[in-house]
Amino acid sequence: MSRLRNPAPEHYYEEYLYKKDVNDKVYKKLWVGLLGNSLRFYSNHKDLRCVDCISLENFVSTEVPSIQTKAKSSSEFLFSLSLKDKEIHFKTQSQESREMWRAYIITMAELSIPPGLTLLPGPMLALKEALEKEKERQMQLEDTEIPSCFYHVSRMEAETLLKENPDCGNILLRPGGNQQSISVTTCQQNHRSFVLKHYKVNQEQNGYVIQLEPPVICRTLAHVVNHFVKSTNNCLIPFEKHNDYENRIEVIYVNEEDGEVTVRYPQDKPVPITSCNGPPVLPRDRPLPEQPKKTNERQSALKMPTGGVIRANEEDGEVTVRYPQDKPVAVPIPSCIGPPLLPRDRPLHDQRKKTNERLSALNMPTGGLDEELKLKLQIRRAMVE
């Protein structure tokens with residue numbers, strides 16, 4: 001059975017394995033492939049997405065149990081992979097499969113074929129081809145990687161960085177005078193003074209050439225840095241600047257009397273985030289306002305009773321509002337509804353007498369409740385005249 005592979009890169013070796021971590025109680029069957037210097041684990045041979053990945057950078061060793069208990073089946077061939085931080089146990093279905101996995105893991109972790117392998121000529125040739133591919137892959141990665149001590153600064157800025165930050169390192173790379181050159185700046189302390197040196201590195205087709213006597217050829221920039229570090233017995237350390245951001249708020253106070261300067265760090269408390277989509281939430285300890293009670297108090301202050309009955313007097317047009325178990329309240333009606341109310345200081349019979357005189361002058365009847373509407377209209381006309 002062949003696994004559906006990605007176009008590139010392909011696994012150096014792949015097969016079903018039984019894997020068990022320290023916290024696992026039983027082995028789990030997974031499809032495992034060796035890609036570069038890492039083991040990729042898949043649910044099955046058709047799955048393109050790995051469920052786990054183990055890097056061999058922290059490789060220590062692979063061990064085979066010396067004595068297998070009789071309780072285990074003779075078809076189980078075990079081996080363990082020891083890393084710096086953990087240990088993983090594997091189980092294969094044949095001794096040949098176990099030796100193949102151990103040979104590939106050691107070869108890719110150490111970039112060399114271990115001695116004493118008992119492999120057939122075909123598997124041994126495939127192992128050598130996989131080793132050459134891995135070496136070429138790592139060389140390409142080193143060619144494209146830029147060392148962490150490379151900074152886009154000028155000559156003066158490089159000197160300032162090294163002087164002001166001696167704890168961060170004492171060697172850095174920077175762009176040279178042209179596009180085909182790189183400069184190396186070093187800074188070492190001699191008692192209380194600094195000794196600064198600058199070196200030129202030219203880029204050529206085969207790599208980088210350090211302009212020394214004799215010239216030193218390096219394949220990558222990382223090899224250039226390693227040459228300076230190893231040549232000085234690790235006295236030169238690649239420069240890596242620390243984080244420039246503060247993690248606390250600093251407040252500086254100056255005493256006006258004696259000029260003493262003190263630095264304080266306020267204890268910041270998290271600010272609660274309130275929503276602006278609705279009204280603010282009242283605290284739990286404060287009771288909600290009693291709106292109905294306040295409304296009743298306002299109505300009592302304004303003397304606005306409710307539930308009254310309105311009645312109109314047919315003789316003088318006076319309108320009264322009566323409430324249950326209350327005294328009648330006189331409410332004057334507007335002038336647009338009926339005749340205006342006369343003042344209380346004038347007798348009512350005089351007003352009726354004048355009204356009758358005006359109606360007599362107009363030759364209109366003076367009484368009769370059956371002609372109430374006509375009477376009101378005539379009274380308004382008389383008032384307008």
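Values for this structure:
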item: Failed condition for TYR151, given (1) under 35 Å from the mean Cα position of the chain (by Cα); (2) among the hydroxyl-bearing types (Ser, Thr, Tyr); (3) closer than 25 Å to ARG192 by Cβ; result: (3)
item: Given (1) over 30 Å from MET139 (Cβ atoms); (2) part of a loop (DSSP other than H, G, I, E, B), index of the condition ASN233 fails; result: (1)
item: Lone unmet requirement of (1) in a loop (DSSP other than H, G, I, E, B); (2) at pLDDT 90 or above; (3) closer than 30 Å to LEU141 by Cβ for THR62; result: (1)
item: Selected residue (criterion: farthest from SER112 (Cα to Cα)) from residues of the range 20-59 that are part of a strand (DSSP E or B) and touching a Phe, Trp or Tyr at 6+ places or on another chain (Cβ under 6 Å); result: LYS29
item: Filtered residue count, the range 205-219, keeping only those that are out of contact with any Pro (no Cβ under 9 Å at 6 or more places or on another chain), assigned to a strand (DSSP E or B) and within 20 Å of GLN179 (Cβ to Cβ); result: 5
item: In the range 177-207, the residues that are closer than 19 Å to CYS218 by Cα, open to solvent by 90 Å² or more (accessible area, probe 1.4 Å) and modelled with pLDDT under 90; result: GLN179, GLN180, GLU204, GLN205, ASN206
item: All positions within the range 128-176 that are open to solvent by 90 Å² or more (accessible area, probe 1.4 Å) and either β-branched (Val, Ile, Thr) or not in a helix (DSSP H, G or I) (or both); result: THR144, GLU145, ILE146, HIS152
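Yes or no, residue by residue, for (1) among the aromatic types (Phe, Trp, Tyr); (2) farther than 19 Å from SER66 by Cβ:
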residue	(1), (2)
PHE90	yes, no
GLU99	no, no
ALA109	no, yes
GLY122	no, yes
SER154	no, yes
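The values are calculated or read from the model by the stated rules, or taken from the named source; none is laboratory data. Small disclaimer: the values here were computed from a predicted structure and weren't measured. Please note: Cβ atoms are built from the backbone with ideal geometry, for glycine as well, and neighbour counts cover all protein chains shown. Areas reflect the complete protein model, heavy atoms only, side chains present, ligands, DNA and RNA absent. Shrake-Rupley method; radii C 1.70, N 1.55, O 1.52, S 1.80 Å.
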